[in-house]
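So the structure is just underneath, and the comments pick up after that.
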Amino acid sequence: MTDSAARTEHGPGEPAVPGQRGAFVRRIGLFQATAINMSQMCGIGPFVTIPLMVASFGGPQAVIGFVAGAVLALADGLIWAELGAAMPGAGGSYVYLRQAYQYRTGKLVPFLFVWTAMLFIPIGMSTGIIGFVQYLGYLWPGMGQTEGDVTGLAVIALIVTLLWRRVDHIARITAVLWCVMLTSVLLVIIAAFSNFSPDRAFTYPAHAFEVTTHHFWIGFAAGLTIGIYDYLGYNTVAYLGAEIKNPGRTVPRAIVYSILGIMGIYLLLQIGTLGVIDWKEMLDPGSTASSSVASAVLERSWGKGAANVVTLLILVTAGASVLTGLLGGSRAPYDAAREKVFFRPYAKLHPRHGFPVLGLGTMGVLTAVGFLIGRHTDLATLIQLLTAVMVIVQALAQVLALSVLRRRQPGLRRPYRVWLHPLPSVVALVGWLVIYGYADENAPGRHPIEWSLAWVAAGCVAFVLWAAYEKVWPFGPREISEEYLHAPDPDAVPDAADDRGQDPDGNPDSKEPTPA
């Protein structure tokens, strides 16, 4: 059976029939998609990584890291935008890598992606819970290790419970959480600039910008790694491609809008914080500025009461980031399981709410395991390990996949094409290579490069065993599936209504077809 024959009768770009079980329905619009992306991108990240960024650069010139991260995120985001608009399926990178690399290596590359995604997605979410507990310590000074562990596990359980429902209901929840996220970061920014010292923010140590030194580039690579970690999440909407309305327009816009919006927020947050807290204080592991820098900013600007209130909002923001991350991540193994490239039970959707049950459950459990492990190591090391594993299997492979697909499938419908191609691909390629090449130097003794290569090697062994069992390449013929070349245009058909004859927002379904 070929890949295309193994799929359901719905084309990958076609809305599911209302009321039919076992298929996704397009329910998420542009505002909700952008809110999901921004909630995932912001989260607890900038509130816990500002001191790490300062430590990497050794001074307030750390703002370079956020700018570099934004450039890499935008270049890579444009690649996601073209691929996500052209192939709006569940699982994001799995779909793109399967389509691009099937001609020479069969299902090897998409198999390695799913193999790796089941590791790097929950590890990424576990860092959000670690940051949550770290900030909770500001409100609960006497919290011990056990109390922190139990609290983190309880938060993970709550998030999985919130995700146990229809995606349009989740989208409404994320819209509310997005408002909380914006409120929290804006309050921190306003508080910072109400007590802002230009001398503190823009007084740099000697030799801060000596770009000819090896020390500068080690710090730059570390800062770029932290910066892109803070921006990660701009691709969440692509993982939900099968549930996005008008994906040819919505996916690119949601990605670009969210990156630009978060870039402005991060730059103001970083500069404002450096204008209130002396950067040397952030390097003191015993100070509030090193563990809860945003709370320290609020306390010095508006007092302890305001700091407590906004810290609560920051905790909600952290939870929102993990929620949206698990929402997208739970879809990663879905298409692979449908096409027998992963364990088949992962292809089953909830009979009533239409979400992948096993994918969500597994991601929740692995996030809990990653959280418990991460509580006994440092956050910077965990970020390095997470990024190294992701770069080698997803980021680099996907940059090349864009060019491969343009050559192999020139007739593929592309509602959006990367601006100034191939410049963004070159920028993304160089950025990811810098991050990967300096990974060992920025995590001494942890060997993230070696661990990432070992994980990929183990995945190759697992693929050989799986391929021999399934009798696929290299133990059988390559199965070429170009179904997106022939799929109906999802932007040219009315959005699927829900079971009551209404649109996903509960209004009478009067939407007209949208031209491509």
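The values are calculated or read from the model by the stated rules, or taken from the named source; none is laboratory data. None of the values given here were measured: they were computed from a predicted structure. Heads up, the Cβs are rebuilt from the backbone with ideal geometry, glycines too, and the neighbour counts pull from every protein chain shown. Accessible surface areas use protein heavy atoms only, side chains included; no ligands, DNA or RNA. Shrake-Rupley method; radii C 1.70, N 1.55, O 1.52, S 1.80 Å.
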> Restricted to the stretch 433-477, and to residues that are β-branched (Val, Ile, Thr) and either farther than 17 Å from THR116 by Cα or in contact (Cβ under 8 Å) with a residue 12 or more places away in the chain (or both), which residue is surrounded by the fewest Cβ atoms within 10 Å (Cβ to Cβ)?
Replying inline: VAL456
> Quick check: is even one residue across the stretch 247-257 among the basic types (Lys, Arg) and farther than 23 Å from THR311 by Cβ?
Replying inline: yes
> Does the stretch 173-193 include one or more residues that are over 30 Å from ILE277 (Cα atoms), small (Gly, Ala, Ser) and out of contact with any Phe, Trp or Tyr (no Cβ under 6 Å at 6 or more places or on another chain)?
Replying inline: yes
>> within 21 Å of the chain's Cα centre (by Cα) and either under 24 Å from ILE64 (Cβ atoms) or not hydrophobic (A, V, I, L, M, F, W, C) (or both): is that true of ILE255 in this structure?
In response: yes
> Where in the stretch 127-229 are the helices (runs of 4 or more DSSP H), entirely inside, with at least 2 residues that are at pLDDT below 85?
Replying inline: 167-194
>> For the list (1) at pLDDT 85 or above; (2) surrounded by fewer than 20 Cβ atoms within 10 Å (Cβ to Cβ), I need the number of the one condition that PHE57 fails.
In response: (2)
>> Looking at the stretch 284-297, I want the residues that are modelled with pLDDT of 85 or more and have a partner that is surrounded by 21 or more Cβ atoms within 10 Å (Cβ to Cβ) and not in a helix (DSSP H, G or I) with Cβ atoms under 9 Å, at least 6 apart or on another chain. Which pairs are those?
In response: VAL293/ILE277; ALA296/VAL276; ALA296/ILE277; VAL297/VAL276; VAL297/ILE277
> Just one of the numbered conditions (1) open to solvent by 80 Å² or more (accessible area, probe 1.4 Å); (2) assigned to a helix (DSSP H, G or I) is not true of ARG406; which one?
Replying inline: (1)
>> Please pick out the residue among ALA401, ALA458 that is closer than 25 Å to GLY241 by Cα, among the hydrophobic types (A, V, I, L, M, F, W, C) and part of a helix (DSSP H, G or I).
In response: ALA401
> Restricting attention to the stretch 230-240, does a residue exist that is of a type in the set (Asp, Glu), under 30 Å from ARG414 (Cβ atoms) and in contact with a helix residue (DSSP H, G or I) (Cβ under 6 Å, 6 or more places away or on another chain)?
Replying inline: yes
> For the stretch 286-396, which fully contained helices (runs of 4 or more DSSP H) count at least 1 residues that are touching an Asp or Glu at 6+ places or on another chain (Cβ under 7 Å)?
Replying inline: 288-291, 304-329, 357-374
> Scanning for something part of a helix (DSSP H, G or I), over 21 Å from the mean Cα position of the chain (by Cα) and surrounded by fewer than 21 Cβ atoms within 10 Å (Cβ to Cβ), does the stretch 81-103 turn up at least one residue?
Replying inline: yes
> How about the stretch 302-347: which of its residues are open to solvent by 10 Å² or more (accessible area, probe 1.4 Å), without any contact (Cβ under 8 Å) to a residue 60 or more places away in the chain and of a type outside the set (Val, Ile, Thr)?
Replying inline: GLY303, LYS304, GLY305, PHE343, ARG344, PRO345, TYR346, ALA347
